[in-house]
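Here the structure comes first, spelled out in structure tokens, and everything after it is commentary.
The values are calculated or read from the model by the stated rules, or taken from the named source; none is laboratory data. Source: prediction; values computed, not measured. Please note: Cβ atoms are built from the backbone with ideal geometry, for glycine as well, and neighbour counts cover all protein chains shown. Heads up: the accessible areas ignore ligands, DNA and RNA and are worked out on the full protein's heavy atoms, side chains in. Shrake-Rupley method; radii C 1.70, N 1.55, O 1.52, S 1.80 Å.
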Amino acid sequence: MPLFLNDDQVMLKDSAQSFIAEQAPVSHMRALRDTNNADGFSRDLWRQFADMGFTGILIGEDEGGLGLGHVEAGIVLEEIGRNLAPSPFLTTAVAAVAALSGTPHAERYFPGILRGDLVAALAIDEGAKHRASVGLRAERSGNGFRLTGAKQFVVHGHVADMMIVAARTAGGPDDAAGVTLFAVDRGAAGLAPAPERLADASIAARVSFDGVEVDADAVIGEVDNGRDPLGRLLRAGRVGASAELLGVGSGAMDMTVSYLKERKQFGVRIGSFQALQHRAAHLYSEMEVARAAVLKAQQLLDAADATTNDAVSVAKAMSAMAATLAVQEGVQMHGGIGMTDEYDIGFYMKRGRVLAEMFGDANFHADQLARAAGY
């Protein structure tokens with residue numbers, strides 16, 4: 001698999017680049033934050049994503065989508081990251097679509113995603129860090145189930161039209177088997193999301209499930225065998241977050257390099273200082289290595305390769321570390337102005353921090369790789 005985009009993918013990149021830069025630049029995110037927007041994103045912009053066809057990238061042509069793959073979804077996500085555009089694209093059009101594909105739920109939810117009317121949230125995490133354990137209980141109740149417990153870091157959970165919930169139907173929290181995935185619609189009795197604004201001004205929710213009743217049709221996949229659709233969701237989410245991290249890191253790097261070319265000290269541009277040139281060159285090389293890792297993971301995921309899990313973990317860890325380096329170097333090389341709210345570089349640091357935690361941080365994925373290798 002060549003580690004570069006083909007002609008069609010380059011055309012998509014050009015289209016996404018111009019559209020998102022025009023419709024959702026960093027100033028768009030700043031405006032949503034400054035007006036304390038309750039949704040955390042623009043619904044009008046989400047519908048524009050649908051008009052562009054972006055929401056249907058991973059949905060099959062027979063279902064009204066474009067029938068493309070994770071490479072193409074990553075192209076859009078990188079531009080979202082580069083512009084810090086608040087959007088439910090990652091959770092809805094990537095992770096949720098991956099989980100629902102091939103299930104009866106696709107017929108119900110995909111039309112809304114294609115129109116840009118539906119927002120999906122992922123109720124997966126239960127602790128301070130992303131872990132594989134699932135403790136929220138789903139007990140048999142009549143013809144369905146009763147969900148009891150809590151989830152946190154549920155991005156868009158306060159406004160989502162549907163929520164994909166990982167619950168425990170058998171065994172203990174750390175058991176691999178006994179997990180079931182459910183599609184829970186907004187407004188279900190006993191469902192109580194408590195929104196919190198994150199460091200990057202996006203909004204996630206702590207969600208309580210107080211005996212939430214769902215029928216058997218809410219099950220995604222099979223009872224006690226939810227690890228399969230959950231695995232699809234996590235692989236798609238992780239490689240998607242990796243692509244968005246690339247965009248965040250690239251945006252921060254471009255801003256920093258531009259600043260090095262313009263800012264003068266002692267009558268000369270600071271970009272002429274060898275120490276800063278070395279740091280910029282190191283950053284560029286780290287970003288390119290991460291870019292290759294992400295593209296490889298996307299290609300393997302599209303090909304359903306047996307080594308996809310390892311490649312996805314490598315991509316998520318490397319993109320998080322590279323983006324972290326980019327934003328830290330960016331703030332430092334900007335000097336005092338980099339610490340001010342008026343300058344955009346700090347927003348890249350905040351977004352990178354949130355994305356690094358989503359679907360597992362670098363330490364989580366390094367541990368995953370070590371376990372897979374037998375350590």
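Each of LEU3, MET52, HIS130 was scored by the projection of its Cα onto the charge dipole of the chain, and the greatest displacement toward the positive side belongs to HIS130; charges sit on the C-beta of Lys, Arg, Asp and Glu.
Charged neighbours of GLU139, selected by a Cβ distance under 12 Å, balance to +3 (K, R count +1; D, E count -1). Here LYS316 is the anchor, and the aspartates and glutamates within straight C-alpha reach of less than 13 Å, apart from those fewer than 8 places off in the same chain, are GLU244, GLU357, ASP361, ASP367. A P(r) calculated from all alpha carbon pairs of segment 287-366, with 10 Å bins opening at zero, reads 20, 40, 26, 11, 3 percent. Of the chymotrypsin sites (Phe, Trp or Tyr not before Pro) found in segment 274-358, the ones in coil according to DSSP and having at most 16 other Cβ atoms within 10 Å of their Cβ are TYR343.
Taken over the chain, the ratio of Cα radius of gyration to 2.2 N^0.38 Å equals 0.99.
So which GluC sites (Glu not before Pro) in segment 192-301 end up in coil per DSSP with only 14 or fewer other C-beta atoms within 10 Å?
Numbers: sites: GLU196, GLU213, GLU222, GLU244, GLU262, GLU286, GLU288; in loops: GLU222.
Answer in residue order: GLU222.
If you filter segment 307-375 for GluC sites (Glu not before Pro), then keep DSSP loop positions with at most 12 other Cβ within 10 Å, what is left? All intermediate terms of the calculation are to be shown ahead of the outcome.
Details: sites: GLU329, GLU342, GLU357; in loops: GLU342.
The qualifying sites are GLU342.
Here's the picture: charge each Lys and Arg Cβ at +1 and each Asp and Glu Cβ at -1 in segment 238-336, and of ALA315, LEU276, GLY251 the one pushed furthest to the positive end of that dipole is LEU276.
Would you work out the charge dipole size for segment 238-333 about its Cα centre, treating the Cβ of every Lys and Arg as +1 and the Cβ of every Asp and Glu as -1, and quote it to the nearest 20 debye? Before the final figure, lay out the partial values.
Details: 9 positive and 9 negative charges, 88 e Å.
It works out to roughly 420 debye.
Taking the alpha-carbon centroid of each part, what is the distance from segment 232-261 to segment 57-86 in angstrom? Comparing the Cα centres of segment 232-261 and segment 57-86, I get a distance of 15 Å.
Let me check I've understood the local charge: for GLY251, count other residues with C-beta under 12 angstrom from its C-beta, Lys and Arg +1, Asp and Glu -1. What total comes out?
Taking every other residue near GLY251 into account, the sum is -3.
In a simple Cβ point-charge model (Lys, Arg +1; Asp, Glu -1; nothing else charged), the chain has a dipole of about 1120 debye relative to its Cα centre.
Leaving out ligands, DNA and RNA, and with a 1.4 Å probe, what % of the accessible surface on the chain is carbon or sulfur?
Working: 8330 of 16100 Å².
Exposed carbon and sulfur together represent 52 percent of the surface.
Taking the longest Cα principal axis of the chain as reference, the axis of helix 345-357 is set at about 30 degrees. Between segment 91-164 and segment 343-375, how many Å separate their Cα centres? Rounded to whole Å, the Cα centres lie 22 Å apart.
Relative to the dominant Cα principal axis of the chain, helix 227-262 is inclined by about 20°.
For the chain, with every protein chain kept in place, what is the accessible area per residue (1.4 Å probe, Å²)? Don't skip to the answer; put the middle values down first.
Values: 16100 Å² over 375 residues.
For the chain, the per-residue accessible area is 43 Å².
How large is the helix-only mean residue ellipticity at 222 nm for the chain, computed as the sum of -39500 (n - 2.57) over DSSP H runs with n ≥ 4, divided by its residue count, in deg cm²/dmol to the nearest 500? Walk me through the numbers on the way to the answer.
Values: 11 runs with 180 residues, N = 375.
Estimated from H runs of four or more residues: -16000 deg cm²/dmol.
For segment 191-234, take the alpha-carbon Rg, divide it by the Kirkwood Rh, and send me Rg/Rh. Before the final figure, lay out the partial values.
Values: Rg = 14.5 Å, Rh = 13.1 Å.
Over the Cα atoms of segment 191-234, Rg/Rh equals 1.10.
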